[in-house]
Amino acid sequence: MSKVHKEEIICPECQAKGKFDLWESMNVDLDPELREKVFNNEAFIYTCPNCGHRTGVPYGTLYHDMTHHFMLFFDFFKPDDYDYEPIDIPNLPGNDNYIYRHVTGLMRLKEKIIILEKELDDVAIERMKYMLTHIIHPEMAEKGIELLFGGVEYDEEKLSDDGTMSFLFHDENDEPMEWAVSMKMYYEHCLACELDPRMKIESCMNVDEGWIARQLKKGTV
């Protein structure tokens, strides 16, 4: 079940006090409206009942999807000295088919939800993004350009179509861009992750670009 409590908020605009629903956990099967509240940011925005001013309220929560068997332990911010060590969470609910991840940053939370809802390998996708921006096009990493998973498309009229995976990013001029690559590349990275023990997940971990870089620095296999 989802767990929520009321938090008192003082509006920075008019100083009026109000109550905000702070979700300690979200079960989107039992409370499906919470998924939409995450994606439209409403779960993290307080609207003052007195003046209507909207204020962001950053907090952590547990996002639980029973249908797709994953739990995301979300923190709004990632410390500069984050060590990427596995998070010790005793008595993890769910079962062996569950995926547990620690996620930092709201955009990465949304991205991770979409990836796991589509039952894709998030480790392979992160490895793929790292290779695209650090190895194939290192100028992207130098400019601080970060890729976010956009989706998968197939041409149903072409029986031989392998599909494309798209990534979203903002260029150096902050213009929104989309980059599509063949799903063949994704499957290659899935195989690479399967064969590479450095890509093995322990318990609950934060799998993002920083984790991939850290693991690859451990040397070749």
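The values are calculated or read from the model by the stated rules, or taken from the named source; none is laboratory data. Values in this document were obtained by computation on a predicted structure and should not be read as measured data. Ideal geometry is used to build each Cβ from the backbone, glycine not excepted, and the neighbour counts take in all protein chains shown.
Under 7 Å by Cβ, and 6 or more places apart or on different chains, what pairs join a residue from the stretch 116-133 that is aromatic (Phe, Trp, Tyr) with one that is part of a helix (DSSP H, G or I)?
Tyr130/Glu209; Tyr130/Ile212; Tyr130/Ala213
I need the full set of residues from the stretch 10-35 which are in a strand (DSSP E or B) and within 20 Å of Phe74 (Cβ to Cβ), in order please.
Phe20, Asp21, Leu22, Trp23, Glu24, Ser25, Met26, Asn27
Name the single residue, out of those in the stretch 160-212 being β-branched (Val, Ile, Thr) and in contact with a Ser or Thr (Cβ under 9 Å, 6 or more places away or on another chain), that is surrounded by the fewest Cβ atoms within 10 Å (Cβ to Cβ).
Here the answer is Val181.
Being in contact (Cβ under 8 Å) with a residue 24 or more places away in the chain and either part of a loop (DSSP other than H, G, I, E, B) or among the polar types (S, T, N, Q) (or both): is that true of Glu7 here?
no
Show the residue pairs meeting these rules: Cβ distance below 6 Å; 6+ apart or different chains; first residue within the stretch 200-219 and part of a loop (DSSP other than H, G, I, E, B) and modelled with pLDDT under 95; second residue surrounded by fewer than 17 Cβ atoms within 10 Å (Cβ to Cβ) and not acidic (Asp, Glu).
Glu202/Pro86; Ser203/Pro86; Lys218/Arg198
Filter the stretch 49-60 down to residues that are part of a loop (DSSP other than H, G, I, E, B) and more than 19 Å from the chain's Cα centre (by Cα), then give me how many there are.
5
Which residue out of Tyr100, Tyr82, Tyr63, Tyr46 is in contact (Cβ under 8 Å) with a residue 24 or more places away in the chain, assigned to a loop (DSSP other than H, G, I, E, B), in contact with a Ser or Thr (Cβ under 9 Å, 6 or more places away or on another chain) and not basic (Lys, Arg)?
Tyr82
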